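J.: Got a structure for you, questions after.
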Amino acid sequence: MTLTDDREVWWSGFTGMDAGAFDLPGGTYRLRVTARGRDAGHDGEFEDEVVDSYLLQLWSAPVEHDEIVRTGSTDARYWNDAWGTPQGETAPTRS
């Protein structure tokens, strides 16, 4: 992804109750998203306890095509098929 110096970058939790800005200079970046417990999170969406977790890693890098390394849950495959996989391709699954 490419950010210009005049863009403010924000993070937010799912509910929007937790959010904030962080300092990120303009440039090109890669983003890796790792999720744990997505199916449990889907099934227990309104649980009182946290049932899924996510790690976002961002680093400076040249622009490249998106790459889906693995989709290891039913929920991830659903959303990837709906929004993330180019038409005519299938998402990789956990081996």
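J.: Rounded, prolate or oblate, given the Cα gyration tensor of region 1-82, with a/c below 1.5 counting as rounded?
T.: Here region 1-82 falls in the oblate category.
J.: Also: Please calculate the 1.4 Å probe accessible area of Phe22, with all protein chains present, and give it to the nearest 10 Å².
T.: The value for Phe22 is about 80 Å².
J.: Report the full-extension gain for the segment Arg30 to Thr15: residue separation times 0.36 nm, less the Cα-Cα distance, to one decimal in nm.
T.: Fully extending the segment from Arg30 to Thr15 adds 2.9 nm.
J.: Same structure again: With a 1.4 Å probe and all protein chains kept in place, how do Asp75, Asp66 rank by accessible area, largest first?
T.: Asp66, Asp75
J.: For Asp23 and Val63, what does the FRET efficiency come to when R0 = 25 Å and r is the distance between their Cβ atoms, rounded to the nearest 0.05?
T.: Working from the Cβ atoms, E equals 0.70.
J.: Could you order Tyr29, Tyr54 by accessible surface area, starting with the largest, using a probe radius of 1.4 Å?
T.: The ranking, largest first, comes out as Tyr54, Tyr29.
J.: May I ask you to evaluate 6.51 cos²θ - 1.76 cosθ + 1.60, the Karplus curve with θ = phi - 60°, for each residue of region 68-76 and list the ³J(HN,Hα) values in order in whole Hz, giving x for glycine and proline?
T.: Karplus values, whole Hz, x for Gly and Pro: 9, 6, 6, 10, x, 9, 4, 4, 5.
J.: Okay, next question. Could you tell me the accessible area of Glu67 in Å² (1.4 Å probe, neighbours in place), rounded to the nearest ten?
T.: Approximately 130 Å² for this residue.
J.: Using a 1.4 angstrom probe and counting only protein chains, how large is the accessible area of Glu49 in Å², to 10?
T.: The accessible area comes out at roughly 140 Å².
The values are calculated or read from the model by the stated rules, or taken from the named source; none is laboratory data. Owing to the predicted nature of the structure, the values given are computational and were not obtained by experimental measurement. Cβ atoms come from the backbone with ideal geometry, glycine included; neighbour counts cover every protein chain shown. Heavy atoms of the whole protein, side chains included, go into the accessibility calculation; ligands, DNA and RNA do not. Shrake-Rupley method; radii C 1.70, N 1.55, O 1.52, S 1.80 Å.
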